[in-house]
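Participant: The structure's right below; bear with me while I get my questions together.
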Amino acid sequence: MLLTPEVKQLCEEIRRFIRQEVDPRSRWIEENDSIPPELVAMAREMGLFGLTIPEEYGGVGLDLAGKCAVEEEFGHTNYGFATLIGNHTGISTAGIVALGNEAQKRKYLPRMASGEWIGAFALTEPQAGSDPAALRASAVKRGGRWVLNGEKIYITNAGAAQVFTVMAVTDRAQGIKGISAFIVERGFPGFSIGRNELKMGMHGSSTAPLAFTDCEVPEENLLGPEGMGYMQALKTLTAGRVTLSARCLGMMDKLIEKCIDYAKVREQGGRHIADYQGIQWMLADMAVARDASRLMVYRAIDTLTRGERGTLEASTAKLFATEALARVVDCAVQIHGGMGYMREAGIETMYRDARITRIYEGTSEIQRNIIARELLKEN
Ligand SMILES: Cc1cc2nc3c(=O)[nH]c(=O)nc-3n(C[C@H](O)[C@H](O)[C@H](O)COP(=O)(O)OP(=O)(O)OC[C@H]3O[C@@H](n4cnc5c(N)ncnc54)[C@H](O)[C@@H]3O)c2cc1C
């Protein structure tokens, strides 16, 4: 993919930062399930929280191709840290950038670009996961304010966030056209954030439930026109699926590199294991899965950049790249043998982290549903 010299330089800086600052702290993040404050401070200093926020609001203004290039870099390092930055610069700020009015952008984006305020995106509810149209959280206009009631679960960045984009039903009779988006700040009366969940992987990334009990949201915090929340969420998730797939590419690159290095030094039966055809074929399959994923991700970027809907391309890329990653990380454990099962090799962490990519931003089954729906509509 053609990247501007500026994006290439940014990627090099991020690569250096990852090698020098993030990777050495990765084990600590994994064991403490939190991100060291000094690492967040360095990320702020580097402008990482503003990567996708337009320059006029203090950000770097990366387009989708630039954001994906950066995500590929982040695929090489700690998944929890990559999630903090990736979620904030993706689904958690995209709504304000796309739908915010000038006053909202001026109020929120500069502080989100600097990383002073971290964002979160709140759609999922206990009974509304794969089917977000089943949302129950409601917002009613009362005395110049919106009053929100309901709950959200599994919200990434919740423990660290100051600004939440929250989807709630404003007109139940309108179905999905009655769902609106709101900007809710930590500290608004009636808004509470629950305890961080303990997860299989993604350690360091906060995931927590939210509760709204007669939560008062100023009238001006309605994001975009009333009834546009669901549509905007879908658009946000379409781009999010592509950027997540780009991170999977970086993860596959890293796993393949690690396997090649290991296979060239590990000896069994008097030969390097790289000399065995069984290992070579696994490496070949891993590279094919990675390269095919890359083509699909780049096609999705190209489609969306041309201003087309890109729903089919984004779901195809997400389904393929996340399932490819599952096969690649499984082969990586196999190639490392017993060492692949040990923490010190770093593969078992990636094995657990990779598992989430087939669940969030739409499960593999939901991507198949979307792809089939688009095919049947097209033909
Ligand atoms: C770590 C983590 C972080 C997350 N971060 C966020 C976040 O920041 N913001 C947010 O809003 N959400 C977030 N989520 C929620 C995530 O998007 C949902 O978990 C996901 O969409 C699946 O919903 P569910 O968990 O309710 O599973 P369910 O919808 O209950 O699915 C259970 C199973 O049924 C299958 N299934 C459901 N419907 C169909 C169907 N129609 N056809 C075929 N199969 C179907 C699913 O594929 C799955 O296999 C996060 C989740 C996790 C685990």
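The values are calculated or read from the model by the stated rules, or taken from the named source; none is laboratory data. Note that this is a predicted model, so its numbers are computed, not measured. For neighbour counting, all protein chains shown are included, and Cβ atoms are generated from backbone atoms with ideal geometry for every residue, glycine included. Protein only, heavy atoms only, side chains kept; ligands, DNA and RNA dropped before computing areas. Shrake-Rupley method; radii C 1.70, N 1.55, O 1.52, S 1.80 Å.
Participant: Straight-line reach from LYS152: which aspartates and glutamates have Cα under 17 Å away, leaving out those fewer than 8 places along the same chain?
Facilitator: Excluding near neighbours in sequence, the set is GLU125, ASP131, GLU185, GLU197, ASP214, GLU216, GLU361.
Participant: A further question on this structure: Dividing the convex hull volume of the alpha carbon atoms of the chain by its residue count, what do you get in Å³ per residue?
Facilitator: So the per-residue Cα hull volume is 138 Å³.
Participant: How many nm is it between the label spots at LEU2 and GLU56, if each spot is 7 Å from the Cα in line with the beta carbon?
Facilitator: Taking the two extended label points, one gets 2.7 nm.
Participant: Right, another one. For GLN9 paired with ASP291, estimate the spin-label separation in nm (one decimal), with each label point 7 Å from Cα along the Cα-to-Cβ line.
Facilitator: 3.3 nm
Participant: Follow-up. Quick one: helix 64-74 against the long Cα principal axis of the chain, what's the angle to the nearest 10°, folded into 0 to 90?
Facilitator: Relative to the chain, helix 64-74 is tipped by roughly 50 degrees.
Participant: On the protein heavy atoms, probe 1.4 angstrom, tell me the percent of accessible surface of the chain carried by carbon and sulfur. Each step should come with its number before you reach the end.
Facilitator: Numbers: 8930 of 17030 Å².
So the carbon and sulfur contribution to the accessible surface is 52 percent.
Participant: Once Lys and Arg get +1 and Asp and Glu get -1 on their Cβ, which of PHE164, MET252, ILE176 lies farthest toward the positive end of the dipole of the chain?
Facilitator: Positive-end residue among those listed: ILE176.
Participant: Averaging the inverse of every distinct alpha carbon separation and then flipping it gives the Kirkwood radius. What is it for region 119-227, in angstrom units?
Facilitator: Over region 119-227, the inverse of the mean reciprocal pair distance is 13.9 Å.
Participant: Rounded to two decimal places and with Rh computed the Kirkwood way over Cα pairs, what is Rg over Rh for region 5-114?
Facilitator: Rg divided by Rh gives 0.98.
Participant: Excluding ligands and nucleic acids, what accessible area in Å² is computed for PHE188 using a 1.4 Å probe, to the nearest 10?
Facilitator: Counting only protein heavy atoms, the figure is 30 Å².
Participant: What order do SER26, SER92 take when sorted by accessible area (1.4 Å probe), most exposed first?
Facilitator: SER26, SER92
Participant: Report the charge-dipole magnitude of the chain in Debye, nearest 20, computed about the Cα centre from +1 at each Lys and Arg Cβ and -1 at each Asp and Glu Cβ.
Facilitator: It comes to approximately 500 debye.
Participant: Using the heavy atoms of the protein chains alone and a 1.4 angstrom probe, what is the accessible area of the chain per residue in square angstrom?
Facilitator: On a per-residue basis, 45 Å².
Participant: Also: Which FRET efficiency value, to the nearest 0.05, is calculated for HIS272 and LEU376 with the Förster distance at 45 angstrom and r the Cβ-Cβ distance?
Facilitator: Step by step, r from the Cβ atoms, then E = 0.35.
Participant: Mind giving me the FRET efficiency for GLU257 and ASP131? R0 is 51 Å, r the Cβ-Cβ distance, nearest 0.05 is fine.
Facilitator: Efficiency, from the Cβ-Cβ distance: 0.85.
Participant: Arrange the peptides 248-256, 6-14, 210-218 so that the one whose residues have, on average, the most other Cβ atoms within 10 Å appears first. Each step should come with its number before you reach the end.
Facilitator: Numbers: 248-256: 23.9, 6-14: 15.6, 210-218: 19.2.
Put in order of decreasing packing, that is 248-256, 210-218, 6-14.
Participant: Which semi-axis lengths, in whole Å and largest first, follow from the square roots of five times the eigenvalues of the Cα gyration tensor of region 231-347?
Facilitator: 34, 13, 9
Participant: With the cut-off at 24 Å, tell me which of the pairs LYS67/LYS199; LYS105/LYS199; LYS107/LYS318; LYS8/LYS107; LYS67/LYS105; LYS67/LYS318 have Cα atoms farther apart than that.
Facilitator: Pairs exceeding 24 Å: LYS67/LYS199; LYS105/LYS199; LYS107/LYS318; LYS8/LYS107.
Participant: For the chain, what does the helix formula give at 222 nm: sum of -39500 (n - 2.57) over DSSP H segments with n ≥ 4, over the residue count, nearest 500 deg cm²/dmol?
Facilitator: Numbers: 13 runs with 192 residues, N = 379.
Only helices count here, giving -16500 deg cm²/dmol.
Participant: How high is the FRET efficiency from ALA284 to ARG142, r the C-beta distance, R0 51 Å, rounded to 0.05? Intermediate values should be presented prior to the final figure.
Facilitator: On the way: r = 63 Å, r/R0 = 1.23.
According to the calculation, E is roughly 0.20.
Participant: For region 179-306, take N as its residue count and report Rg(C-alpha) divided by 2.2 N^0.38 Å. Let's see the in-between values first.
Facilitator: Working: Rg = 23.1 Å, N = 128, 2.2 N^0.38 = 13.9 Å.
Compactness ratio reported: 1.66.
Participant: Calculate, in nm to one decimal, what ASP23 and MET231 gain on full extension: separation in residues at 0.36 nm each, minus their alpha carbon distance.
Facilitator: Numbers: separation 208, 0.36 × 208 = 74.88 nm, distance 3.78 nm.
Extra length available between ASP23 and MET231 comes to 71.1 nm.
Participant: May I pose another question? Name the residue from ILE91, ALA345, SER364 whose Cα lies farthest towards the positive end of the charge dipole of the chain, charges +1 on Cβ of Lys and Arg and -1 on Cβ of Asp and Glu.
Facilitator: SER364
Participant: Consider a paramagnetic label point 7 Å from the Cα of VAL265 along Cα→Cβ; state which residues of region 311-335 have an amide N under 18 Å from it.
Facilitator: 332-335
Participant: Could you tell me which trypsin sites (Lys or Arg not before Pro) in region 281-317 are loop residues by DSSP with no more than 11 other beta carbons within 10 angstrom of their beta carbon?
Facilitator: Taking region 281-317 and a limit of 11 other Cβ atoms within 10 Å, the loop trypsin sites (Lys or Arg not before Pro) found are ARG306.
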